[in-house]
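J.: Below you'll find the structure I mean.
The values are calculated or read from the model by the stated rules, or taken from the named source; none is laboratory data. All figures in this text were calculated on a predicted structure; none of them were measured in a lab. When we count neighbours, we look across all protein chains shown, and the Cβ atoms used for this are built from the backbone with ideal geometry, even at glycine.
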Amino acid sequence: MQLPGVTDRERAIDIIGKTAMLEFKLVSADQDKLKQAIAGTVPEGYELKNTLENGEPILLESKAALNGDTLTNAEVHFSSGEFNEPVVALKFNPEGAKKFSELTANNVGRRLAIVLDGKVQSAPNIREAIPSGEAVISGRFSVDQAQDLALVLRVGALPAPMYIEEERTVGPLLGQDSINKGIKASVIGISLVLIFMAGYYFLSGLIADVALLMNCLMILGSLGFLPYVFPGVSATLTLPGIAGIALSLGMAVDANVLINERIREELEAGKNLRAAVANGYSRAFSAIFDSNLTTLIAAFLLFQFGTGPIRGFAVTLTIGLIASMFTAIVVTRTIFEILLDLGWLKSLHMVHLIKNTKIDFISKRKIFYALSIIITAAGLVTFFMKGTGAYGIDFAGGQLQEYSFKSTVPIEQVRAALKDIGLADATIQQFKENPKVVLIRTSEDKSQLLTDKLKERFPDQDIQVLRIERVGPIAGKHLKTKAILAIAWSMAGILIYIAFRFKHFNFAVAGVIALLHDVLVALGALVMTGRQIDLLSVTAFLTIAGYSINDTIVVYDRVRENMKLYRKLSLRELINLSVNQCLGRTVLTTGVTLICVLAIFLYGGEVLSNFSFTLLFGFFCGAYSTVFIASPLVLAWSHKKSA
């Protein structure tokens, strides 16, 4: 349950814990019955109530004319009267709208009481039939009271005792700061990508830039349109969602680079410009389709097993990938065709930093196998040695509180304050880039006591609560299980798809082993640098799984193509040839995507630090494993099967 704009923790808990029983009851117009009820004898079938507006006694029919179970939305509006008071506007589903229309049409002139949890909020006169299925609760509310009432009505009744297993409260200061940093990181990353593409591919790069900007507009437009297409899907933009937009645009360059490199090859083979463009798109399509689909598998599983912000990341990543396929394959080709038809495009010039290489990668495979085994083993040993200490509160449980001080406060003084309230064993952390921020991890919920103690000990520091996160043992275990399932299913999905597409199980096994290698190296880097595994780290692992396989698929696609062209070459020679042909593309696409990730790491703030740090290692390792692990393993597995 998300309550945007509610930063008072106690108020949020109080709101969620309420039971919102909404009823609409007709008011009796019989004054004799009302007097009889006031005198102490309430007629059968009626109940005496006082309105909250002015304490007026009114006699209601006991049976509700309409209940709130058909309510679809409740939000705060302001009345158009003299005082412009806040009111709560209600909207019903089609069934409720029909009943409300009939109720108001059959009782024009009577009063209809709006009763919430047995209390009469207001009892307005029915002046006319209301066919729209919309009503208004008024009652001299303050703005906060109206907002709380609207939230309670949207949440609905909770008929059982409530225990909070997972809670994340983000203060307005951190929320706005995170948004600013997320947008800044995205703008810097995307700008660098646009500059690189234009500088490396010239006109082709500018065409790709147009596609990327259109891609960005399509993502934002889709997010705005999403709730209208899928009413149950939220389009609230989270910080990981902003990162997802930046990352998807960086990954979208992959398709443009692949197309441009294919066009370059066709031109170098002596084809005319129109034929080179047509062949470039045709030959790049299968690799673009396969690589994006495997990333979509990971994104789907992120949405399936993720919660809250992780789902936001999955949604923006999915929309970005689908949009990138359209803009890279359709939009850029349309622009090329228009320029060719108008006669404005006579030639294409591109920078060519990585020439055609003839490196024997297969012969060096054992060296890199050994290197990868050593690095992976070191990371796993560190992970198991740390035990539960390797996990953040998302999986291990506990509570995290982050505070902002007016000036830097020594950790020793903070620890002394915590000792007074029995939290001497709490973990306290300050950040080098902002030592005024203090992060405190505790095993139990004492946030209010802790906040009060810090404000008492440091009265001149203007202490602000940036965020509070709490995960109970049940939620922690549940989240860990879902994370493991998400990674396992993504591996299985990618394995099955590659085996199906390439008709060779050895390609699939080699690709998934390399993919698992990339995830384990990223995991090792995380724990060996003292960082903890949290939900965003798992998001990064799944993103690595979906993205790092892209390079491998492009090489596999080239091997499949070369098998038809060079029938006399051995598998070893075909793999070496294919890796060399794709080397420039592998370096370029990984480098460009890393530009976006590096921008998020440097400018995205503490919230996205673990996420971007993991991606940096994972994406770099993905390029390495494509060349030195996945491709040689195809040969090794083939030999094993032959034997």
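J.: Within the range 322-342, is even one residue in a loop (DSSP other than H, G, I, E, B), touching a residue at least 12 places away in the same chain (Cβ under 8 Å) and within 30 Å of W489 (Cα to Cα)?
T.: Looking through the range 322-342, none of the residues is in a loop (DSSP other than H, G, I, E, B), touching a residue at least 12 places away in the same chain (Cβ under 8 Å) and within 30 Å of W489 (Cα to Cα).
J.: State whether the residues of the range 351-369 include one that is assigned to a helix (DSSP H, G or I), small (G, A, S) and surrounded by 18 or more Cβ atoms within 10 Å (Cβ to Cβ).
T.: The answer is no, given that none of the residues of the range 351-369 is assigned to a helix (DSSP H, G or I), small (G, A, S) and surrounded by 18 or more Cβ atoms within 10 Å (Cβ to Cβ).
J.: Since A424 meets every condition but one in (1) hydrophobic (A, V, I, L, M, F, W, C); (2) in the same structural domain as T539 (by TED's automatic domain parsing); (3) farther than 19 Å from G524 by Cα, which condition does it not meet?
T.: With (1) hydrophobic (A, V, I, L, M, F, W, C); (2) in the same structural domain as T539 (by TED's automatic domain parsing); (3) farther than 19 Å from G524 by Cα applied to A424, the lone miss is (2).
For (1) of a type in the set (F, W, Y); (2) crowded, with 18+ Cβ neighbours inside 10 Å; (3) part of a strand (DSSP E or B), each residue gets a yes or a no:
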| position | (1), (2), (3) |
| --- | --- |
| V42 | no, no, no |
| K49 | no, yes, yes |
| G55 | no, no, no |
| L59 | no, yes, yes |
| T72 | no, no, yes |
| S80 | no, no, no |
| N84 | no, no, no |
| A89 | no, no, yes |
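J.: Do you know which of the residues in the range 161-214 that are assigned to a loop (DSSP other than H, G, I, E, B) and either over 25 Å from F613 (Cβ atoms) or at pLDDT 90 or above (or both) is nearest to the chain's Cα centre (by Cα)?
T.: Looking at residues that are assigned to a loop (DSSP other than H, G, I, E, B) and either over 25 Å from F613 (Cβ atoms) or at pLDDT 90 or above (or both), I get E165.
J.: State all residues of the range 98-129 that are surrounded by 15 or more Cβ atoms within 10 Å (Cβ to Cβ), assigned to a strand (DSSP E or B) and among the polar types (S, T, N, Q); if no residue qualifies, say none.
T.: Q121, S122, listed by residue number.
J.: Does the range 372-389 include one or more residues that are in a loop (DSSP other than H, G, I, E, B) and either in the same structural domain as Y624 (by TED's automatic domain parsing) or more than 21 Å from V607 (Cα to Cα) (or both)?
T.: no
J.: Taking E95 and the conditions (1) in a strand (DSSP E or B); (2) farther than 19 Å from L149 by Cα, which numbered condition does it fall short on, given that it satisfies the others?
T.: Going through (1) in a strand (DSSP E or B); (2) farther than 19 Å from L149 by Cα one by one, E95 breaks only (1).
J.: Just one of (1) within 18 Å of I263 (Cα to Cα); (2) surrounded by fewer than 21 Cβ atoms within 10 Å (Cβ to Cβ) trips up F336, so point out which.
T.: Going through (1) within 18 Å of I263 (Cα to Cα); (2) surrounded by fewer than 21 Cβ atoms within 10 Å (Cβ to Cβ) one by one, F336 breaks only (2).
Results for (1) over 18 Å from the mean Cα position of the chain (by Cα); (2) aromatic (F, W, Y); (3) on the phi < 0 side of the Ramachandran plot, shown as yes or no for each residue.
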position: T552; (1), (2), (3): yes, no, yes
position: K568; (1), (2), (3): yes, no, yes
position: N580; (1), (2), (3): yes, no, yes
position: V597; (1), (2), (3): no, no, yes
position: L602; (1), (2), (3): yes, no, yes
position: L608; (1), (2), (3): no, no, yes
position: F611; (1), (2), (3): no, yes, yes
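J.: Starting from residues that are touching a residue at least 24 places away in the same chain (Cβ under 8 Å) and among the basic types (K, R), keep the ones in the range 258-289 and report whichever is nearest to N356 (Cα to Cα).
T.: It comes out as R264.
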